[in-house]
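A short write-up of the structure that comes next.
The values are calculated or read from the model by the stated rules, or taken from the named source; none is laboratory data. Note that the structure is predicted; figures quoted are calculated from it, not measured. Note that we place each Cβ from the backbone using ideal geometry, even for glycine, and neighbour counts take in every protein chain shown. These accessible areas exclude ligands, DNA and RNA; they are computed on the full protein's heavy atoms, side chains included. Shrake-Rupley method; radii C 1.70, N 1.55, O 1.52, S 1.80 Å.
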2 protein chains.
Amino acid sequence: MSLTVVGSIAFDSVETQQGKRDRLLGGSAVHFSLASSFFADTRVVGPVGEDFGPEEFAVLEGRGVHTDDIERIPGGKTFFWAGRYERDVNNRHTLQTDLNVFQDFEPKLSEASRAADVLFLANIQPDLQRAVRRQCEAARFTALDSMNLWIDIAHGSLLDTIALVDCVILNDGELKQLTNEPNLLRAARKVLEHGPRVVVAKQGEYGAAMYTAEDFFALPAYPLEDVVDPTGAGDAFAGGFMGYVAAHPDEEPSDALLRRALAYGTVLGSFNVEAFGTERIQRLTPEEISERVADLSRITRFDDAPVPLRA
Amino acid sequence: MSLTVVGSIAFDSVETQQGKRDRLLGGSAVHFSLASSFFADTRVVGPVGEDFGPEEFAVLEGRGVHTDDIERIPGGKTFFWAGRYERDVNNRHTLQTDLNVFQDFEPKLSEASRAADVLFLANIQPDLQRAVRRQCEAARFTALDSMNLWIDIAHGSLLDTIALVDCVILNDGELKQLTNEPNLLRAARKVLEHGPRVVVAKQGEYGAAMYTAEDFFALPAYPLEDVVDPTGAGDAFAGGFMGYVAAHPDEEPSDALLRRALAYGTVLGSFNVEAFGTERIQRLTPEEISERVADLSRITRFDDAPVPLRA
C-alpha cells in the first residue's frame, strides 16, 4: 500500500475575507500527500528551492510522508503563487505565479517511488506525466489531474497521457473543455473512450460525480458555513480518494470501493478548506475523518417509500 | 390529499440545438400541475386568454388536473414567452416576454381551491402570493417559488410572504441574492430564520439540496445525456416534491418524508427536460417514475467500510 504523487510544492500567499497569509506551505503534491498520508505510505516527487527548509520538510514528515524524492535545487526558489478570493469564495483571482524551480522540473523517481502501488500525477505538463507513468510499471491504480492550460496548448499530449491511466480527476468545466461537450455525462463518457476506467468530475461547492462504464455516482460537498481558504481542496480531495484505494491493496478497485473512496475524498477536501493552507489537515485526526464520512452517508441517504401513483 | 397551485399558464416558443417549437403549452402552474397530478388531486389557479382553447384544457384534464379556476379573460391573450438555449443548455436567452393577461392577474380561488391540503405559490408577485396564502387557511403544507425580479423590486414583500409558508423553493443563486450571503448553507439558514421550516435550493444540472433546522440533504440531478428543453424543469421538480407531500395526508412532513419528496421532485424534473414543453410528462407512466426513483437511490448510495486510518 504505497502511494507516489508527482506534482508541485509551493509557497502560497492567500487573501480571503478571513484574512491574509504569506508563505503558506502549498502546492498540489503537498495538499495531496497530507491527505493521503492518513491512508497509505506516501512519497512526494517534486522540486523545491533553497528557501524550502527544515520547517517545511517537518510538516510533511510529521504526517509520515516520505520526502526523499523532493529535489532541492541549489540556488533555486520554490514555486510561488499568490491569490485572492472574493467574499464568494467561488471567485478567485490569481495575483502572481512564479514558477521558479518548477519551470524546468524533470521528475526523478527513486526505486521506492517507482515501485508505487498507486500513482497520482498531479497537474504538471502532460509529457512529464507520461514519462512518470511509464516509470511506474507496477502501479495497479493510476490517476491524473490537469488544467485548462494543458487542455489548450497540449491537448494531444494530454489525451495520450489519459490513455495510460486508470482514472481522470478534473473539474467539470475542464472535462467539458477537454471534450468540447457541454453535457457532463457525455463529456465523461468521451473521456472513458480514451481508455480510463473511471472519470471523476470535481464540482466545487456542488460536490463530485464519478463515472465508470457501468456506474454513475455523485456526492454533494460536505456543507460548511465557513470556507476559510479553498486553495488545494481539489488536491486534498484527490489525496483522500487515491489514499482510500491505496489502503486496499488486496482489493480490486470495484465501483463500490470507488464510491467509498469518493466519500473519503469529499471529506478530506472539506477539511482542507476549513483553515488556511495545510493548517486544518495538519491537526486533523482519524476520528474526525471517520465521523464526517458517517455524517456524509447520513446526509445523502433517502429510503424510498413507494407511493400510489396515478396513471 | 388535494393540492392547489397558483401561477402562470403560458404559450412558450423554444429554440434549442434539438430544434424549434412554437406555441408549446407552458407556464409554471402547468409544468407543476402535470407533475403533481401523479400524486394528488391538483387544482390550477391562473389566467389565460381567448387563444387558450379546448386542446390546451385537454392536456391538463387528460392528467386529471382540475381546471375550474383557470380564468379565461375575454378578449385577452395568454402569457407568451420565447427563449433560446445554447448548445450548453445551462445558458438561456429570453427573446420575448408578453405578460398579456398575466399582467393584471388577481387570483380568484373557488371554495375547492381554498380548501387545499397542500398549496404551492408559483413565481408571481409576492403580494398576490400572500393574498392567496391567507385564503387557504386549511393548508397544512405551503411553499413558494420566486425570482430575481421580486428579490430586487419587492424584497420586503417577499420576506413577508416567506414568513407565511412552510417551505421556500428557490434556485441557489436566488437564495444567495435574497440573503446577500454567498455561502449557500448560511443563506438557507438565514431564510429559515424568517419562519419556514424547509428551504430547498434548486441547483440545475447539479441537483438540489434541502435545509431544515435539524437536517441537510442533497441529491444530484438524474444524469441525462440528452437535455432537450430545460423549460419548466424547476416547476416539474416542485410538482413532484409537493405532490409527494400531498400524497401523504395523514403523515407529518418529517425530514425523512421530505427527503423522499425531494427524490420524487428530482425525478419529475428530469423527465420534464427530456422533450419539448410538456410532451414527456404527458406520456410519462407511474412505472417510469418508480423505476427512476429507485435508480436515483442506487446511484447516490455508498456503504461506508471504515479503513484503518493513520494518526
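Residues in region B:283-300 that are under 24 Å from the mean Cα position of the chain (by Cα) and more than 8 Å from every other protein chain (Cβ to nearest Cβ): B:Arg283, B:Leu284, B:Glu287, B:Glu288, B:Glu291, B:Arg292, B:Asp295, B:Leu296.
Of all residues in region A:269-298 being assigned to a loop (DSSP other than H, G, I, E, B) and not polar (S, T, N, Q), which is nearest to A:Pro220 (Cα to Cα)? Here the residue is A:Val273. Kindly evaluate A:Val245 against the criterion of being within 18 Å of A:Phe120 (Cβ to Cβ), open to solvent by less than 30 Å² (accessible area, probe 1.4 Å), within 12 Å of chain B (Cβ to nearest Cβ) and touching a Lys or Arg at 6+ places or on another chain (Cβ under 7 Å). The answer is no for A:Val245.
Of the numbered conditions (1) touching a strand residue (DSSP E or B) at 6+ places or on another chain (Cβ under 7 Å); (2) within 17 Å of B:Asp166 (Cβ to Cβ); (3) free of Cβ contacts under 8 Å to residues at least 24 places away in the same chain, B:Ala218 fails exactly one; give the number of that condition. B:Ala218 satisfies all of (1) touching a strand residue (DSSP E or B) at 6+ places or on another chain (Cβ under 7 Å); (2) within 17 Å of B:Asp166 (Cβ to Cβ); (3) free of Cβ contacts under 8 Å to residues at least 24 places away in the same chain except (2).
Checking each residue in region B:105-142 for being open to solvent by 10 Å² or more (accessible area, probe 1.4 Å) and assigned to a helix (DSSP H, G or I) picks out B:Glu111, B:Ala112, B:Arg114, B:Asp127, B:Leu128, B:Arg130, B:Ala131, B:Arg133, B:Arg134, B:Gln135.
Could you check B:Asp303 against (1) of a type outside the set (Gly, Ala, Ser); (2) in a helix (DSSP H, G or I); (3) at the interface with another protein chain (Cβ under 8 Å from one of its Cβ atoms) and say which number it fails? Here B:Asp303 meets the rest and fails (2). Selection of region B:173-205 for residues being aliphatic (A, V, I, L, M) and more than 8 Å from chain A (Cβ to nearest Cβ) yields B:Leu175, B:Leu178, B:Ala187, B:Ala188, B:Val191, B:Leu192, B:Val198, B:Val199, B:Val200, B:Ala201.
When A:Leu258 is tested against (1) more than 11 Å from chain B (Cβ to nearest Cβ); (2) part of a helix (DSSP H, G or I), just one condition goes unmet, and that condition is (1).
The residue that is surrounded by the most Cβ atoms within 10 Å (Cβ to Cβ), among those in region B:206-225 that are part of a loop (DSSP other than H, G, I, E, B) and more than 8 Å from chain A (Cβ to nearest Cβ), is B:Ala221. Quick check: is even one residue across region B:128-135 closer than 24 Å to B:Ala213 by Cβ, in contact with a Lys or Arg (Cβ under 9 Å, 6 or more places away or on another chain) and in contact (Cβ under 8 Å) with a residue 12 or more places away in the chain? No, that holds for no residue. Scanning region A:262-309 for residues that are within 30 Å of B:Gly64 (Cα to Cα), loosely packed, with under 15 Cβ neighbours inside 10 Å and of a type outside the set (A, V, I, L, M) gives A:Asp303, A:Pro306, A:Pro308.
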